[in-house]
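Novice: Here it is, the structure in full.
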Amino acid sequence: MLPTNTRQLEYDESLESALARIDNLLRGNYGISKRTVGLLLLQGDAQMEKQLRAQEVSGYELIQEIVSQTRSSYSQPISYIIALRQQQEVKRILETVVSSKEKSAGVFAERLSRVMMNPLSGIPILFIVLYFGLYQFVGVFGAGTMVDLIESTVFGEWINPWVTNLLTTIIPWKVLQDLFVGEYGVITLGLSYAFAIILPIVTTFFIVFSIIEDSGYLPRLAMLIDRVFKGIGLNGRAVIPMVLGFGCDTMATIVTRTQETRRERVITTLLLALVIPCSAQLGVIFAILSGSALSLLIWGGVLVLVLLLVGYLAAQVIPGRRASFYMEVPPLRLPKISNVLTKTYTRLQWYFTEVLPFFILASVLLWLGELTGVFALVINVLEPLVRFMGLPEETSIAFLYGFFRRDFGAAGLYDLHSAGILSGIPLVVSAVTLTLFIPCVAQIMVMLKERGLRTALAISLFILPFAFFVGYILNLILTTLGVVL
C-alpha cells in the first residue's frame, strides 16, 4: 500500500488498463510492486521477462498476450511513452517547489538553439559551419597550408633525401632499397603519406569535430535533418554515425549500433561505405578542387544526389520497420579548450595505433605487387575502366591505392594533380569516383563483423561497378555540355 503522502503516477487509459490486467494475473513474488513489474514487462525488460517465465506457469502466455497487444496499440515504443509521462511529472513537481530567475544568457542560448533547429535558419547556419569548419580550416589550412609545409619542406627537402642517401649507402641491394625508399617505399610513400598528407588533415578535422561535439550542436543538427533522413529510411539519429564518418568511416560503421532497427543500420552502413568521405580523403579533395569553386560544387552536388537516390531506393528495397526518433537536446555552451584538446588527442592516438599500420602494410603490399608483377596485372585491369570514364591511365594507380585505404588513394590523386596529370573535368570525375569507390580494407573488415558476410559482400559488389558507372555518366554530361573547369 502506498503511504498517504505519496501520489501514484498515472498513465493514459490504455496503459492503466494493461497494468491492471497484469496485476490481477501475477502470482509470483518479485520483491517489487506488481505495478512496477507490469511497467518493466511493457518496456521489454529482459530480466523481468525471464522471471515471469519462471514464476507464472499458468498465466505467462496471457500476460505476454496483454503486453503484445498493448505495444501494438502505440506507434511509438512504450518506453518512450512512459519516459515522456515521467518527465512531465518531474517538471510538474519542480515547478511547485523550485523557482528560478532566467538569465539573459540562458534566454539567448535557448533562442539560438531554436534557430539552429529551424530549417529556414538552421540550413544557412549548417552551411556556415561547413564552410568555415570543413572548407576553410580542414581544406584550406589543413590540406593546403599544413600539407604543403610538411610534405614539401619537412619530408621533401629534409627527411626523404636524408633517409634515401643513408639507406642506399647501408643497403647494397636495390630490391631492399626500394622496400624503404623506392617509389612504393615504406618511408618515401607510406610514412610520407601518413605524416605529411593525412596527419595534418585528420588533426584539423578532429579539432572541428570536437568543437561541434562539445558545443551541443550535434544533436541540434540531428533534429534539423531528421525530416530529410526520413525520406531515405533513416531518422535524425543517423546524423551521429554520418558526421563521425567524415572522421573515419570504419569508426562510424561501429557506431551504427546505436540505431534502433537492423534496417537503419544496413542503410547507414551502405551510405557510409558509398558516399561519406573520411576526413583525410575529404581534406585532400578540398585541396585539389579548391582552385575551382565550380569543381567543388559539382563534386558535392553529385554526392548529395547519390546519397538521396541510393538511400531512397535502399529504403524501398530493404525490409523492416521504421524506427521512431527522439533525442535529448543538451544546452548550448561554449566549447572548453581542455575538452577539445583531450578529444583531439584521444582520436589522434587512435589514428596512430589503428590507421598508421595500414599505410605501412599498403606500402609493403605495393612493393611486393611491383616485385612479383601482380601490381602491373591489376593496373592493366583498371586501365580500361579509367579510360572508360575519360581519365588518364595514370589514375589507375590512385584507384589501386584506394583498395587499401581511401585516404591513401586520395593522396595518390593529390600527387597526380601536383604533377599536372589531372586537372579540369578528369580531376572532378576521378574525385567523385574515388569518393564512391569500394571501402578500404579496415572498413570492409568492420562491415563483416557488424553486418555479416552476406550484407558486407552485397554492399561491396554494388559499390564497385556503381562508382565507375557514376564516373562515366558524370564525364559524359560534363564533356557533352562543354563545361570548362
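The values are calculated or read from the model by the stated rules, or taken from the named source; none is laboratory data. This structure is a prediction, so every number in the text was calculated from the model and none was measured. In this analysis, Cβ positions are derived from the backbone assuming ideal geometry, glycine residues included, and neighbour counts consider all displayed protein chains.
Novice: Could you go through segment 51-63 and let me know if any residue there is under 22 Å from MET327 (Cα atoms), small (Gly, Ala, Ser) and in contact (Cβ under 8 Å) with a residue 24 or more places away in the chain.
Specialist: Within segment 51-63 (the criterion being under 22 Å from MET327 (Cα atoms), small (Gly, Ala, Ser) and in contact (Cβ under 8 Å) with a residue 24 or more places away in the chain), the answer is no, since none of the residues qualifies.
Novice: Show the residue pairs meeting these rules: Cβ distance below 6 Å; 6+ apart or different chains; first residue within segment 244-257 and in the same structural domain as PRO219 (by TED's automatic domain parsing) and touching a residue at least 40 places away in the same chain (Cβ under 8 Å); second residue in a helix (DSSP H, G or I) and basic (Lys, Arg).
Specialist: Cβ pairs passing all conditions: THR256/ARG265.
Novice: I'm told LEU84 meets every condition in (1) modelled with pLDDT under 85; (2) surrounded by 10 or more Cβ atoms within 10 Å (Cβ to Cβ); (3) of a type in the set (A, V, I, L, M); (4) closer than 28 Å to GLN8 by Cβ except one. Can you identify the failing condition by its number?
Specialist: (1)
Novice: Another one. Filter segment 154-177 down to the residues that are more than 23 Å from ILE197 (Cβ to Cβ) and either touching a Phe, Trp or Tyr at 6+ places or on another chain (Cβ under 8 Å) or of a type in the set (Gly, Ala, Ser) (or both) and list them by number.
Specialist: The answer is ILE171, and nothing else.
Novice: Pairs needed: first member in segment 354-373, in contact (Cβ under 8 Å) with a residue 12 or more places away in the chain and assigned by TED's automatic domain parsing to the domain that holds CYS440; second member anywhere, exposed (fewer than 15 other Cβ atoms within 10 Å of the Cβ) and in a loop (DSSP other than H, G, I, E, B); C-beta distance under 8 Å; at least 6 residues apart or different chains.
Specialist: GLU370/GLU183
Novice: What are the residues in segment 214-232 that are small (Gly, Ala, Ser) and within 18 Å of ALA252 (Cα to Cα), if any?
Specialist: The answer is ALA222, and nothing else.
Novice: Please work out which residue is nearest to GLN55 (Cα to Cα), limiting yourself to segment 12-27 and to residues that are assigned to a helix (DSSP H, G or I) and touching a residue at least 24 places away in the same chain (Cβ under 8 Å).
Specialist: Across segment 12-27, the extreme among qualifying residues is LEU25.
Novice: Spot the failing condition for GLY142; the list is (1) closer than 25 Å to GLY283 by Cβ; (2) part of a helix (DSSP H, G or I); (3) out of contact with any Pro (no Cβ under 8 Å at 6 or more places or on another chain); (4) at pLDDT below 90, and only one is missed.
Specialist: Among (1) closer than 25 Å to GLY283 by Cβ; (2) part of a helix (DSSP H, G or I); (3) out of contact with any Pro (no Cβ under 8 Å at 6 or more places or on another chain); (4) at pLDDT below 90, GLY142 violates only (3).
Novice: Condition test on VAL228, is it closer than 27 Å to TYR414 by Cβ and either out of contact with any strand residue (DSSP E or B) (no Cβ under 6 Å at 6 or more places or on another chain) or at pLDDT 85 or above (or both)?
Specialist: no
Novice: (1) part of a helix (DSSP H, G or I); (2) of a type in the set (Phe, Trp, Tyr); (3) not assigned by TED's automatic domain parsing to the domain that holds GLY412: which one isn't true of TYR184, the others all being true?
Specialist: TYR184 satisfies every listed condition except (1).
Novice: Return the only residue of VAL355, VAL329 being part of a loop (DSSP other than H, G, I, E, B), β-branched (Val, Ile, Thr), under 23 Å from PHE209 (Cβ atoms) and under 24 Å from the mean Cα position of the chain (by Cα).
Specialist: Only one candidate qualifies: VAL329.
Novice: Also, quick follow-up: Determine whether GLY301 is within 18 Å of ILE285 (Cβ to Cβ), loosely packed, with under 14 Cβ neighbours inside 10 Å and not hydrophobic (A, V, I, L, M, F, W, C).
Specialist: yes
Novice: Let me confirm something: among LEU427, LEU436, LEU457, which residue is modelled with pLDDT of 90 or more and out of contact with any helix residue (DSSP H, G or I) (no Cβ under 7 Å at 6 or more places or on another chain)?
Specialist: Only one candidate passes the filter, namely LEU457.
Novice: Which of the residues spanning segment 261-295 are in contact (Cβ under 8 Å) with a residue 40 or more places away in the chain, under 24 Å from LEU485 (Cα atoms) and aliphatic (A, V, I, L, M)?
Specialist: The answer is VAL275, ALA280, LEU282, VAL284, ILE285, ALA287, ILE288, LEU289, LEU294.
Novice: Give the residue, chosen from LEU416, LEU427, that is touching an Asp or Glu at 6+ places or on another chain (Cβ under 7 Å), under 19 Å from GLY283 (Cα atoms) and either crowded, with 24+ Cβ neighbours inside 10 Å or assigned by TED's automatic domain parsing to the domain that holds THR250 (or both).
Specialist: When all the criteria are applied, what remains is LEU416.
Novice: Only one of GLU65, GLU110 is in a helix (DSSP H, G or I), in the same structural domain as ILE22 (by TED's automatic domain parsing) and either modelled with pLDDT under 85 or not hydrophobic (A, V, I, L, M, F, W, C) (or both); which?
Specialist: Step by step, each of GLU65, GLU110 is checked, and only GLU65 is in a helix (DSSP H, G or I), in the same structural domain as ILE22 (by TED's automatic domain parsing) and either modelled with pLDDT under 85 or not hydrophobic (A, V, I, L, M, F, W, C) (or both).
Novice: Filter segment 347-367 for residues that are at pLDDT 85 or above and closer than 16 Å to SER279 by Cα and give the result.
Specialist: LEU348, GLN349
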